[in-house]
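Participant: Before I ask anything, let me first share the structure, which is written out below as structure tokens.
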Amino acid sequence: MSITPTGYPVWVRANGHTAYGGHINKTNYQSVGTINPRTDLSAENLCRIAADLAAVARTAPFSVVAFQCNDAVPAAPTVSKYFAMAGTTPTGTRNGDGDITFVWPESFADDYGIIANANIVAAVATPQQTMAGMLFASVQISDADADGINETVRVRVVDATGAAVPDAIVSLTTWTG
Amino acid sequence: MPLGGFAPCPLPLGGTVLDGLLVEQHARLSTDLRSIVQTAPFAVVHFNTSSATPLAYLGQNDVGVLAAPTITSLGVGDARLLWDVSYLDEYDNAWAVDLSFAVACGEFAGGVQNAYAVVELETAQQIRVRTYSIVAGVPVATDVSVSLVVW
């Protein structure tokens, strides 16, 4: 029988230090500390690991996507890189020049098979400049199927006049919570 | 190798992958955690420049809008976020808030077809965010939602 980890998958943002083994009153057994720091993990070590991991787990991005819009020959965007806490590359759809929508599954399983919702609460898109001039990227986070979970992020890239930028290259970072 | 009730903290490294924590695993855990800590954002805030209310907050100090910084609207498309000078971690140790970097992205909605955000690190606890949309080829201050990430 496989183990069920404490807490929730990290993208839920609900794990405190206790989920990782920390406790404000944790002590070494019979107050005997580490005999050999090369072979032992003390209560103090474990509590530091637990608190630090809980802290960074709260703000770590859920995903980072590097993609290019395909507008000269209209097609779905090409994803060149994808890093994520779970799951595989989301589905991308072209809306127009420099305008795409990514849709993620609404839940994922962690390494232990624990399934949890992934509700997108923040997104940052930055155009990757390959030409002179100013480019801007903006996003729209939405719950397209109105079930209470944001699963969709639309990205638009425009130039300094507000005109859509075809074949834009973008880095998109998302956070769930 | 017996662990658990037979060998509580200090936890002897070793055993097997099924009942222990190997030295190699602990080394990987330690170095990966250190790497992540060095680049992890301090906070992610989703808010609207016209609103003094955050929409979402993920912070190393806590999660949820109750832990969010104080947001003040300074005008159309212009807001200031102010964090406390320190926060308590889960062991009640106080740590200073010392912001160094910030990035932000505007969110379009409704009649706003594009939006962008500019950040200004005013103090180690205070960030000003201005948001614009481009109307007839000219940037115009516009209230939009923003995703702000700070380190």
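Participant: Would you confirm whether any residue within the stretch A:119-134 is part of a strand (DSSP E or B), without any contact (Cβ under 8 Å) to a residue 24 or more places away in the chain and assigned by TED's automatic domain parsing to the domain that holds residue A:67? Outline the logic, then answer.
Facilitator: Here is the first cut: in the stretch A:119-134, the residues part of a strand (DSSP E or B) are A:120-127.
Applying the additional criterion that residues be without any contact (Cβ under 8 Å) to a residue 24 or more places away in the chain yields none.
For the stretch A:119-134, residues part of a strand (DSSP E or B), without any contact (Cβ under 8 Å) to a residue 24 or more places away in the chain and assigned by TED's automatic domain parsing to the domain that holds residue A:67: absent.
Participant: Here is a follow-up. Hey, among B:45, B:138, B:85, B:65, which residue is among the β-branched types (Val, Ile, Thr) and modelled with pLDDT under 95?
Facilitator: Values: B:45 fails: modelled with pLDDT under 95; B:85 fails: modelled with pLDDT under 95; B:65 fails: modelled with pLDDT under 95.
That would be B:138, the only listed residue that is among the β-branched types (Val, Ile, Thr) and modelled with pLDDT under 95.
Participant: Quick one: which residue in A:92, A:98, A:133 is surrounded by fewer than 22 Cβ atoms within 10 Å (Cβ to Cβ), more than 20 Å from residue B:47 (Cα to Cα) and in contact with a Pro (Cβ under 9 Å, 6 or more places away or on another chain)? Break it down into steps so the answer makes sense when it comes.
Facilitator: On the way: A:98 fails: surrounded by fewer than 22 Cβ atoms within 10 Å (Cβ to Cβ); A:133 fails: in contact with a Pro (Cβ under 9 Å, 6 or more places away or on another chain).
The match here is A:92.
Participant: Would you check if there is a residue in the stretch B:84-92 being touching a His at 6+ places or on another chain (Cβ under 6 Å) and either of a type in the set (Asp, Glu) or in contact (Cβ under 8 Å) with a residue 24 or more places away in the chain (or both)?
Facilitator: Filtering the stretch B:84-92 for residues touching a His at 6+ places or on another chain (Cβ under 6 Å) gives B:90.
Among the residues that remain, those that are also either of a type in the set (Asp, Glu) or in contact (Cβ under 8 Å) with a residue 24 or more places away in the chain (or both) are: B:90.
Yes - at least one qualifying residue is present in the stretch B:84-92.
Participant: If you take the residues of the stretch B:54-66 that are crowded, with 18+ Cβ neighbours inside 10 Å and among the aliphatic types (A, V, I, L, M), which of them is farthest from residue A:16 (Cα to Cα)?
Facilitator: Kept after step one, since they are crowded, with 18+ Cβ neighbours inside 10 Å, are these residues of the stretch B:54-66: B:54-63.
Remaining after also requiring among the aliphatic types (A, V, I, L, M): B:55-56, B:58, B:63.
Working: B:55: 22, B:56: 18, B:58: 13, B:63: 10 Å.
Within the stretch B:54-66, the match that is farthest from residue A:16 (Cα to Cα) is B:55.
Participant: Would you confirm, using the coordinates I've provided, whether residue A:153 is more than 19 Å from the chain's Cα centre (by Cα), within 11 Å of another protein chain (Cβ to nearest Cβ), in contact (Cβ under 8 Å) with a residue 24 or more places away in the chain and under 28 Å from residue A:74 (Cα atoms)?
Facilitator: Working: more than 19 Å from the chain's Cα centre (by Cα): no; within 11 Å of another protein chain (Cβ to nearest Cβ): yes; in contact (Cβ under 8 Å) with a residue 24 or more places away in the chain: yes; under 28 Å from residue A:74 (Cα atoms): yes.
Spelling it out, it is not the case that residue A:153 is more than 19 Å from the chain's Cα centre (by Cα), within 11 Å of another protein chain (Cβ to nearest Cβ), in contact (Cβ under 8 Å) with a residue 24 or more places away in the chain and under 28 Å from residue A:74 (Cα atoms).
Participant: Additional query: If you go through the stretch A:1-48, how many residues are aromatic (Phe, Trp, Tyr) and without any contact (Cβ under 8 Å) to a residue 12 or more places away in the chain?
Facilitator: Residues of the stretch A:1-48 aromatic (Phe, Trp, Tyr): A:8, A:11, A:20, A:29.
Adding the requirement that they be without any contact (Cβ under 8 Å) to a residue 12 or more places away in the chain leaves A:29.
Total meeting the criteria: 1.
Participant: Which condition does residue B:79 not pass, out of (1) on the phi > 0 side of the Ramachandran plot; (2) at pLDDT 95 or above, if it passes all the others?
Facilitator: (1)
Participant: Take residue B:51 and tell me if it is open to solvent by less than 60 Å² (accessible area, probe 1.4 Å), more than 8 Å from chain A (Cβ to nearest Cβ) and at pLDDT below 90. Show your work before the answer.
Facilitator: Working: open to solvent by less than 60 Å² (accessible area, probe 1.4 Å): yes; more than 8 Å from chain A (Cβ to nearest Cβ): yes; at pLDDT below 90: yes.
The answer is yes for residue B:51.
Participant: Restricting to the stretch B:100-150, what's the tally of residues that are of a type outside the set (S, T, N, Q), more than 12 Å from every other protein chain (Cβ to nearest Cβ), out of contact with any Phe, Trp or Tyr (no Cβ under 7 Å at 6 or more places or on another chain) and part of a loop (DSSP other than H, G, I, E, B)? Write out each step before concluding.
Facilitator: First, pick out the residues of the stretch B:100-150 that are of a type outside the set (S, T, N, Q): B:101-112, B:115-122, B:124, B:127-130, B:132, B:134-141, B:143-144, B:146, B:148-150.
Now restrict to residues that are more than 12 Å from every other protein chain (Cβ to nearest Cβ): B:101, B:111, B:120-122, B:124, B:127-130, B:141, B:143.
From what is left, the residues that are out of contact with any Phe, Trp or Tyr (no Cβ under 7 Å at 6 or more places or on another chain) are B:111, B:120-122, B:124, B:127-130, B:143.
Those left that are additionally part of a loop (DSSP other than H, G, I, E, B): B:111, B:122, B:124, B:143.
Of the residues in that region, 4 qualify.
Participant: Now, a different point. Among the residues of the stretch A:36-52, what is the count of those that are in a loop (DSSP other than H, G, I, E, B) and more than 7 Å from chain B (Cβ to nearest Cβ)?
Facilitator: Let us first name the residues in the stretch A:36-52 that are in a loop (DSSP other than H, G, I, E, B), namely A:36-39, A:42.
Still in the running and more than 7 Å from chain B (Cβ to nearest Cβ): A:36-38.
Residues that pass the stated criteria total 3.
Participant: For a quick check of your reading of the model, give me the residue pairs whose first member lies in the stretch A:64-84 and is within 16 Å of residue A:174 (Cα to Cα), whose second is open to solvent by 50 Å² or more (accessible area, probe 1.4 Å) and outside any strand (DSSP E or B), with beta-carbon atoms closer than 7 Å and at least 6 apart or on different chains.
Facilitator: A:79/A:89; A:82/A:89
Participant: Pick from A:120, A:141, A:169: which is within 8 Å of chain B (Cβ to nearest Cβ) and under 21 Å from residue A:67 (Cα atoms)? First the steps, then the outcome.
Facilitator: Details: A:120 fails: within 8 Å of chain B (Cβ to nearest Cβ); A:169 fails: within 8 Å of chain B (Cβ to nearest Cβ).
When all the criteria are applied, what remains is A:141.
Participant: Scanning for something open to solvent by 50 Å² or more (accessible area, probe 1.4 Å), at pLDDT below 95 and among the aliphatic types (A, V, I, L, M), does the stretch A:147-162 turn up at least one residue? So that I can check it myself, show each step before the final result.
Facilitator: Taking the stretch A:147-162 as the starting set, the residues that turn out to be open to solvent by 50 Å² or more (accessible area, probe 1.4 Å) are A:147-148, A:154, A:161.
Checking the rest, the ones that are also at pLDDT below 95 come to A:161.
Filter once more, so that each one left must be among the aliphatic types (A, V, I, L, M): none.
Scanning the stretch A:147-162 turns up no residue that is open to solvent by 50 Å² or more (accessible area, probe 1.4 Å), at pLDDT below 95 and among the aliphatic types (A, V, I, L, M).
Participant: With the requirement that a residue be open to solvent by 70 Å² or more (accessible area, probe 1.4 Å) and not β-branched (Val, Ile, Thr), what does the stretch B:81-93 give you?
Facilitator: Taking the stretch B:81-93 first, the residues open to solvent by 70 Å² or more (accessible area, probe 1.4 Å) are B:82, B:84-85, B:88, B:92.
Correct list: B:82, B:84, B:88, B:92.
The values are calculated or read from the model by the stated rules, or taken from the named source; none is laboratory data. Remember, predicted model here, so these are calculated numbers, not experimental data. Every residue, glycine as well, gets a Cβ built from its backbone with ideal geometry; the counts of neighbours run over all protein chains shown. Ligands, DNA and RNA are excluded from the accessible area calculation, which covers all protein heavy atoms including side chains. Shrake-Rupley method; radii C 1.70, N 1.55, O 1.52, S 1.80 Å.
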